[in-house]
2 protein chains.
Amino acid sequence: MTAESEWDTEEFDQIPNYDDVKQASQRLRGWAVETPLLESPVLNEVAGGRVFMKAESLQRTGSFKFRGAFNRISLIPERARPGGVVAYSSGNHAQGVAAAAQIVGIPAVIVMPKDAPKVKIERTRSYGAEIVLYDRVHESREEIGHDLARQRAATLVRPYDDSGIIAGQGTCAMEIATQARARGVRLDSLLVCCGGGGLTAGSVLAMERLSPDTEVLTVEPAGFDDTKRSLEAGQIRENRGGEFSICDALLAPRPGQLTFAINKDRVSGGFSVTDEEVRAALDFAFHTLKLVLEPGGAVCLAAVLSGKLNCCHRTVALTLSGGNVDPELLCAVLGDGALAAS
Amino acid sequence: MTAESEWDTEEFDQIPNYDDVKQASQRLRGWAVETPLLESPVLNEVAGGRVFMKAESLQRTGSFKFRGAFNRISLIPERARPGGVVAYSSGNHAQGVAAAAQIVGIPAVIVMPKDAPKVKIERTRSYGAEIVLYDRVHESREEIGHDLARQRAATLVRPYDDSGIIAGQGTCAMEIATQARARGVRLDSLLVCCGGGGLTAGSVLAMERLSPDTEVLTVEPAGFDDTKRSLEAGQIRENRGGEFSICDALLAPRPGQLTFAINKDRVSGGFSVTDEEVRAALDFAFHTLKLVLEPGGAVCLAAVLSGKLNCCHRTVALTLSGGNVDPELLCAVLGDGALAAS
């Protein structure tokens, strides 16, 4: 064990609890945006029930990832801070870590796939981070990340399998529960966009305390429904590989060890949605909700619009987890929609 | 005077007061969306102060116009309802009236310019309204509207010069004042997007009661700064004509009689912004705020981003008045040929 790897303390391999989420919420005050819980009369009509949308696309850095990153980086002890942080990410965790490191005042190196959306690479750089690009097919981002952390005596900020990250992401559902209660609303279900399961794990920790009667359900892209299949099997299942999805934010190969340990007994079930359903959701978000969403941020909306989750006479909350979409992609989706409609 | 024109009662030519706004707010409860007052850390940094954005793009029908339309239509007496309503509008008032008439259960005919954004024409039709298109250059929408109202014994719902409309639009600033107070924020200025002046008039009525120390300022497109020049002259001034702007929602030829009577002593000043500044604001809204705005809905944001309104160490609220933009236009602004290519 090298001296540097001391920063990867075992403390962050432990399962967090509700108090960790609550403390994260105090740390984030004044830094994270308390995003609105939106309701749309048109969506309610389409769904046949009440649908509340937690617009994390309006979060600092354009996704919920800032919550976990800021909380985790705030927990780095003073003596470890000069080495800075290293993270690997397709883009939203990258931006969250870069922005949080900038606020805390420590350097950040981010390992990103060469084919990540340009907007995510540019934005990450704009927060002052150093970017190292890698080949998603032939190289291992974990290896590159660990090597860099060792070389620079930096703290590796994992994307989801870390108690500090999970606790930070949990503040999103904490706000959902509080905002729903303020409106006198009882939530039957909470739909969460799921990649490695960090947002889901934080959400179940918050909901089991604040809204225990609300079932938590995951939504994943078709071909990347590892969490759904793992939940059904009761143990971790990998994605089969060889699949493609436009949901670049949700392409984790398998559930995290820590996140799945939390989710397996607390998540009630999972859905998967096709790219076509996601495109329809992006189009609906643009034209009807007037929100800019990225594909991975729209999977829960897609599950509702496609009717996969029956919302009839039910009250449902869902996460719109991010809005970092390349305009080229969104404009192509909107163009296809216009062509299909004409 | 025909029997039909009785519905255009003089009652709606009177200057409304704060109580009218308050009553409108009660009528709108459950029908209008209480839109969020958003804050963006990045915008605050750019502006050097605190900027709160009232996102009326997230309102039912995609603009604040639903507020005035629903309030006005609710005030139509039972005996006049079978004839329905007629309105002329470039698009946002059209959608507001069509949606409100659909809820109230009466027919609506909307007179719209042939060159209105397609999305506005389609959406208006989707609320069940009958559309009559006219030529903006050679025909008078007022004449067509009045003729139709007479023929059908319908109530003409004017876009801004009507006390019921003004009171309805005032509910937007009522919410701004209430939401700001809930956050413990004292607003130095409120920036309002200004066409005929209905939103401005409603806003000053609400603010002079709820937040009397807040100055109200208008923002208009360059070449269509009739309200700014009228305020400076102390009397109504027309636009010179022959100008063009992408802000289709804000092209009224002159301030309304009623709206200017309210605004002239209560509005502290006005700004105008160029199409180039509006394009930059649309781009910022897409990439940084993750909001879909239409050009006319982004003029206040443009005034802040361009530095025309100095926000340094100040606390400012602004209206993002609408989001009904054709994707073709927005994608062109985003500097992208993907839509045309698809």
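The values are calculated or read from the model by the stated rules, or taken from the named source; none is laboratory data. Keep in mind that what you see is a predicted model, and the values were worked out from it rather than measured. Backbone-built Cβ (ideal geometry, glycine too); neighbour counts: all protein chains shown.
Which residues, counting only those in region B:255-281, are among the hydrophobic types (A, V, I, L, M, F, W, C) and closer than 24 Å to residue B:160 by Cβ?
Of everything in region B:255-281, those that are among the hydrophobic types (A, V, I, L, M, F, W, C) and closer than 24 Å to residue B:160 by Cβ turn out to be B:258, B:260, B:261, B:262, B:267, B:271, B:273, B:278, B:281.
Considering region A:46-67, and only residues there that are more than 11 Å from chain B (Cβ to nearest Cβ) and in a helix (DSSP H, G or I), the residue that is nearest to residue A:318 (Cα to Cα) turns out to be A:47.
A quick yes/no check of all residues on (1) touching a residue at least 60 places away in the same chain (Cβ under 8 Å); (2) of a type outside the set (D, E, K, R):
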residue	(1), (2)
A:239	no, yes
A:261	yes, yes
A:275	no, no
A:302	yes, yes
A:308	no, no
A:312	yes, yes
A:315	yes, yes
A:327	yes, yes
A:332	no, yes
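Pairs linking a residue in region B:84-98 that is more than 16 Å from residue B:144 (Cβ to Cβ) to a residue that is among the aromatic types (Phe, Trp, Tyr), with Cβ atoms under 9 Å and 6 or more positions apart or on different chains, are B:92/B:64; B:92/B:66; B:95/B:66; B:95/B:127; B:96/B:64; B:96/B:66; B:96/B:70; B:98/B:127. Answer yes or no: is there a residue in region B:146-169 that is modelled with pLDDT of 95 or more and closer than 22 Å to residue B:38 by Cα. Yes, region B:146-169 has at least one match.
Across region A:213-264, what is the number of residues that are of a type in the set (D, E, K, R) and part of a loop (DSSP other than H, G, I, E, B)? Write out each step before concluding.
Here is the first cut: in region A:213-264, the residues of a type in the set (D, E, K, R) are A:213, A:215, A:220, A:225-226, A:228-229, A:232, A:237-238, A:240, A:243, A:248, A:254, A:264.
Restricting the remaining residues to those that are part of a loop (DSSP other than H, G, I, E, B) gives A:213, A:225, A:237-238, A:240, A:243, A:254, A:264.
Qualifying residue count, region A:213-264: 8.
Given the conditions (1) surrounded by 21 or more Cβ atoms within 10 Å (Cβ to Cβ); (2) within 11 Å of chain B (Cβ to nearest Cβ); (3) of a type in the set (Ser, Thr, Tyr), and given that residue A:259 satisfies all but one, which numbered condition is not satisfied? Against the list (1) surrounded by 21 or more Cβ atoms within 10 Å (Cβ to Cβ); (2) within 11 Å of chain B (Cβ to nearest Cβ); (3) of a type in the set (Ser, Thr, Tyr), residue A:259 comes up short only on (2). Total residues in region B:101-149 satisfying the condition of being buried (at least 18 other Cβ atoms within 10 Å of the Cβ), among the small types (Gly, Ala, Ser) and within 28 Å of residue B:327 (Cα to Cα): the figure is 4.
In the set (1) under 16 Å from the mean Cα position of the chain (by Cα); (2) assigned to a strand (DSSP E or B); (3) within 13 Å of chain B (Cβ to nearest Cβ); (4) not polar (S, T, N, Q), the condition left unmet by residue A:70 is number (2). Scanning region B:320-342 for any residue that is among the hydroxyl-bearing types (Ser, Thr, Tyr) and surrounded by fewer than 17 Cβ atoms within 10 Å (Cβ to Cβ) turns up at least one such residue.
The set of residues in region B:265-279 that are more than 14 Å from chain A (Cβ to nearest Cβ) and assigned to a helix (DSSP H, G or I) comprises B:275, B:276, B:277, B:278. Considering every residue within region A:190-210, establish whether at least one is in contact (Cβ under 8 Å) with a residue 60 or more places away in the chain and of a type in the set (Lys, Arg). The answer is yes, given that some residue of region A:190-210 is in contact (Cβ under 8 Å) with a residue 60 or more places away in the chain and of a type in the set (Lys, Arg). When the criteria are applied in full, residue B:179 meets the requirement of being more than 30 Å from residue B:80 (Cα to Cα), touching a residue at least 60 places away in the same chain (Cβ under 8 Å) and assigned to a helix (DSSP H, G or I). When region B:9-32 is filtered for residues that are more than 14 Å from chain A (Cβ to nearest Cβ), surrounded by fewer than 16 Cβ atoms within 10 Å (Cβ to Cβ) and within 19 Å of residue A:41 (Cα to Cα), only B:26 remains.
Being in a loop (DSSP other than H, G, I, E, B), at pLDDT below 80 and not aliphatic (A, V, I, L, M) is the filter here; which residues of region A:1-32 pass it? Residues satisfying the conditions are A:2, A:8, A:9. For region B:233-256, the candidate set comprises residues that are aliphatic (A, V, I, L, M) and either out of contact with any Asp or Glu (no Cβ under 9 Å at 6 or more places or on another chain) or closer than 30 Å to residue B:333 by Cα (or both); within that set, the residue that is surrounded by the fewest Cβ atoms within 10 Å (Cβ to Cβ) is B:233. Residue B:82 meets all of the listed conditions (1) outside any loop (DSSP other than H, G, I, E, B); (2) touching a helix residue (DSSP H, G or I) at 6+ places or on another chain (Cβ under 9 Å) but one, namely (2). Number of residues in region A:35-45 that are more than 9 Å from every other protein chain (Cβ to nearest Cβ) and under 30 Å from residue A:106 (Cβ atoms) equals 0. Exactly one residue among B:246, B:262 is under 18 Å from the mean Cα position of the chain (by Cα) and more than 19 Å from residue B:200 (Cβ to Cβ), and that residue is B:246.
Within region A:142-149, does at least one residue satisfy the condition of being in contact with a Leu (Cβ under 8 Å, 6 or more places away or on another chain) and under 24 Å from residue A:54 (Cα atoms)? No, every residue in region A:142-149 fails to be in contact with a Leu (Cβ under 8 Å, 6 or more places away or on another chain) and under 24 Å from residue A:54 (Cα atoms).
Of all the residues in region A:280-298, those that are away from every other protein chain (no Cβ under 12 Å) and of a type in the set (Lys, Arg) number 0.
Picking from residues in region A:266-315 that are β-branched (Val, Ile, Thr) and surrounded by fewer than 23 Cβ atoms within 10 Å (Cβ to Cβ), the one that is nearest to the chain's Cα centre (by Cα) is A:274.
Rundown of residues vs (1) surrounded by fewer than 24 Cβ atoms within 10 Å (Cβ to Cβ); (2) within 13 Å of the chain's Cα centre (by Cα); (3) assigned by TED's automatic domain parsing to the domain that holds residue B:301; (4) modelled with pLDDT of 95 or more, yes/no style:
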| position | (1), (2), (3), (4) |
| --- | --- |
| B:34 | yes, no, yes, yes |
| B:40 | yes, no, yes, yes |
| B:45 | yes, no, yes, yes |
| B:48 | yes, no, yes, yes |
| B:51 | no, no, yes, yes |
| B:55 | no, yes, yes, yes |
| B:59 | no, yes, yes, yes |
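Restricting A:318, A:329 to residues that are under 21 Å from the mean Cα position of the chain (by Cα), part of a helix (DSSP H, G or I) and either of a type in the set (A, V, I, L, M, F, W, C) or assigned by TED's automatic domain parsing to the domain that holds residue A:88 (or both) narrows the list to A:329. Does at least one position in region B:121-138 carry a residue that is within 19 Å of residue B:160 (Cβ to Cβ), assigned to a loop (DSSP other than H, G, I, E, B) and of a type in the set (Lys, Arg)? Yes, region B:121-138 has at least one match. Summed over region B:300-315, residues that are among the small types (Gly, Ala, Ser), part of a loop (DSSP other than H, G, I, E, B) and in contact with a helix residue (DSSP H, G or I) (Cβ under 8 Å, 6 or more places away or on another chain) total 1.
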